[in-house]
1. When the helix-only estimate is applied to the chain (DSSP H runs of n ≥ 4, each -39,500 (n - 2.57), divided by the residue count), what is the mean residue ellipticity at 222 nm, nearest 500 deg cm²/dmol?
2. About the Cα centre of the chain, how large is the charge dipole given +1 on each Lys and Arg Cβ and -1 on each Asp and Glu Cβ? Please answer in debye to the nearest 20.
3. Computed from these coordinates, which is Rg/Rh (Cα atoms, Kirkwood Rh): (1) 1.62; (2) 1.09; (3) 1.32?
4. For residue 62, enumerate residues with amide H under 5 Å from its amide H, sequence gap 5+ or separate chain, H modeled in the peptide plane.
5. Within the chain, what is the number of lysine pairs with alpha carbons under 19 Å apart, leaving out pairs fewer than eight places apart on the same chain?
Amino acid sequence: MSITNEQILDAVADMSVMQVVELIEAMEEKFGVTAASAVVSGGAAAEVAEEQTEFDVILTAVGAQKVQVIKAVRGATGLGLKEAKAVVDSAPASVKEGVDKAEAEALKAQLEEVGASVEIK
């Protein structure tokens, strides 16, 4: 008599977290593998297949010319003075999210030109 995958999944679903951890450790030992390496390998392959198309521009540090940075944030985002100042004061903060690579690079260059430190994610 063989056990189906469904029966195995039902049995695992009824286990406590500690029991599942012990089961994984026993499987790793018995089969000479690690679950972490399988997850990392699969994740890396999926990451390579999907190219990032949307980027977030993050202001990491203001620099010496705070007023110029506020002006640049206002110009790039259309925010009012108070809102732009709030973004600059709360650095590290997101300036723009979900933009294409060219726009992200242009905004980064514009902010770095006035002395800010910027990161694109």
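Values in this text are rule-based calculations from the coordinates and carry no lab data. As the structure is a computational prediction, the values presented were derived from the model and not from experiment. When we count neighbours, we look across all protein chains shown, and the Cβ atoms used for this are built from the backbone with ideal geometry, even at glycine.
1. Values: 6 runs with 73 residues, N = 121.
Helices in the chain give a 222 nm mean residue ellipticity of -19000 deg cm²/dmol.
2. Numbers: 10 positive and 21 negative charges, 209 e Å.
The calculation lands at about 1000 debye.
3. Checked against the structure: label (3).
4. Counting only residues 5 or more places away or on other chains, the set is 117.
5. Summing the qualifying lysine pairs gives 15.
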